[in-house]
1. As an exercise, use a Förster radius of 45 Å and the Cβ-Cβ distance of D359 and A33 to find the FRET efficiency, rounded to the nearest 0.05.
2. Does the chain come out rounded, prolate or oblate, given a ≥ b ≥ c as the square roots of the eigenvalues of its C-alpha gyration tensor, rounded meaning a/c under 1.5 and, failing that, prolate meaning a/b above b/c?
3. Per residue, how much accessible area does the range 85-214 show when a 1.4 Å probe rolls over the protein heavy atoms, in square angstrom?
4. Antiparallel versus total DSSP beta bridges in the range 345-412: what percent is that, nearest 5?
5. Using a probe radius of 1.4 Å on heavy atoms only, what accessible surface per residue do you get for the range 218-345? Whole Å² is fine.
6. Evaluate the relative contact order of the range 218-345 (contact order divided by residue number), counting alpha-carbon pairs under 8 angstrom at least 6 apart; express in whole percent.
7. How many angstrom separate the Cα center of the range 115-142 from the Cα center of the range 455-474?
8. In square angstrom, rounded to the nearest 10, how much accessible surface does T138 have for a 1.4 Å probe?
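The values are calculated or read from the model by the stated rules, or taken from the named source; none is laboratory data. The model shown is predicted, which means the values in this text are computed figures rather than measured ones. Cβ: placed from backbone, ideal geometry, glycine included. Neighbour counts: every protein chain shown. Areas reflect the complete protein model, heavy atoms only, side chains present, ligands, DNA and RNA absent. Shrake-Rupley method; radii C 1.70, N 1.55, O 1.52, S 1.80 Å.
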Amino acid sequence: MSPSESSQVVGEPARRRRVRLAVAFLATAAVVASIGWMWVASFAPASFSVAQMGTPDYGGGPAPAHRHGPGALVATGLDVRTIVEPDTGRAPDVALTLTARAERVRFGSGPPVPAYTLNGTTPGPTVTAREGDLVQVTFVNESVPGGATLHWHGLDVPNAEDGVAGVTQDAVRPAQSHTYRFVARQVGTYWYHSHQVSHEQVVKGLLGAVVVLPRGGIAEDADVLALTHLYAGRRTVAGRVGDVPAVVRPGATARVRVVNTDNGVVPVWVSGAAYRVLAVDGTEVHGPTPVRDRSVVVPAGGRVDLAVPVPVDGSAVRVELGGSAVVLGPVGSTGSRTPAPGQTLDLLSYGEPAPLGFDPASADRRFEYRIGRRPGFVRGRPGVWWTVNGHLYPAVPMFMVSRGDVVTMHIDNSSGQAHPMHLHGHHVVVLARDGVRATGSPWWTDSLEVRSGQSYDVAFVADNPGIWMDHCHNLPHAQQGLLAHVMYEGVTTGVRTGRDTVNSPE
Ligand code: C2O
Ligand code: CU
């Protein structure tokens, strides 16, 4: 309608103004209502079973009769708390008690900082076992407020022993205890940490290393653990600031087990010798070759075992870990520090190929784990949050599998930040990065750094029934909703999580 037409009708401008106002009001109301709806939807229920969480994704495989999801019946499944190591009446080969306390700890010359200790130290005692040993750890929470657990990072234990508060157990409250029992089937370097309020408890040191030795012992002359952690911004190795000496005789080769317990990557390099990467995340590398002038980048939660030759001339060799170092050599020997190499080792092409033991090309399920970021609400808080397959927590996918499935997963990150992705209960093998096929040793991992703009294709065999977290190990990111679960057909959990429960795994 032109202005001249409208001016012929008395009262029309006023009516149009009213209509426009009404439209504007309705549009505003619609926006407010949908924001309100998003806000409401951003809260998980006050108490719920993770078995009912998210949207089932069958990855192109069959949807089982056992349904799950909001409102579905999940009471029929096998409770994950019953999935334990079979009781053969055997006595444990390794038995220990780890007692957690909240206390102040001093690192180097710094002031005492609030920390969590196990048996009085952080990192806690190393759990050392031999392949096939039955390990029994009694966890006592003396004074960690809000409860704590122990999760065995990288050890593919029976689901009931996984130590995830709100999924496999209730958080162990102060003055309570919980016993973990599992057979150490995997040789290699692992670690344990609390999986309750982990973005706070792990940072403050509720953690320690696990070393599983082969039955016949290691082939190297010396075994050196280099667990690194940042306490209140201070880089430490074995809880110590600065250079940490390790006495190794000249001419010997040491196996240096680097464990990154931080939220970010730690580049590791060796000053004064070529090294080999013997293992990644516990799994031996096939045909590792000498590495010179390159650092190996260890993702959050990841481990590498390095073969480091100690010079014959009595000097020391240094393994540099982001500001700290392990200095290997005879008593009193020194080595000289070299700057970080400009290049990094690419595990996609390191070592020699070997059979995987299964065929990822005939996968039963193919999942996508696309990580993005967008504005919205998580737990009622507005922000720009991580998304999984376009959805904000708690509307994340539930990756449904059946026992025995061969599973592939395409992980894609367009979120603007890197994410160290960790699947519990399984190791995945890297098939390709950015579409480029892996050509080196099979790269089995449980802690995979996925940089922004990168994609990885990984595969695994679903051989460990349960409900398993698959999350970012930059733990504040998990707390912000960057998590999902892999769930087996026929299982459920009677453990509840949500704000009305004690459990808050992230
Ligand atoms: Cu190392 Cu879900 O954790
Ligand atoms: Cu992340």
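1. E between D359 and A33, to the nearest 0.05, is 0.35.
2. Verdict is prolate for the chain.
3. Working: 4350 Å² over 130 residues.
That works out to 33 Å² per residue.
4. Details: 9 of 15 bridges.
In the range 345-412, DSSP labels about 60 percent of beta bridges as antiparallel.
5. Working: 4800 Å² over 128 residues.
With all protein chains present, the range 218-345 gives 37 Å² per residue.
6. Numbers: 339 pairs, mean separation 38.7, N = 128.
That works out to 30 percent.
7. 25 Å
8. Accessible area, nearest 10 Å²: 30 Å².
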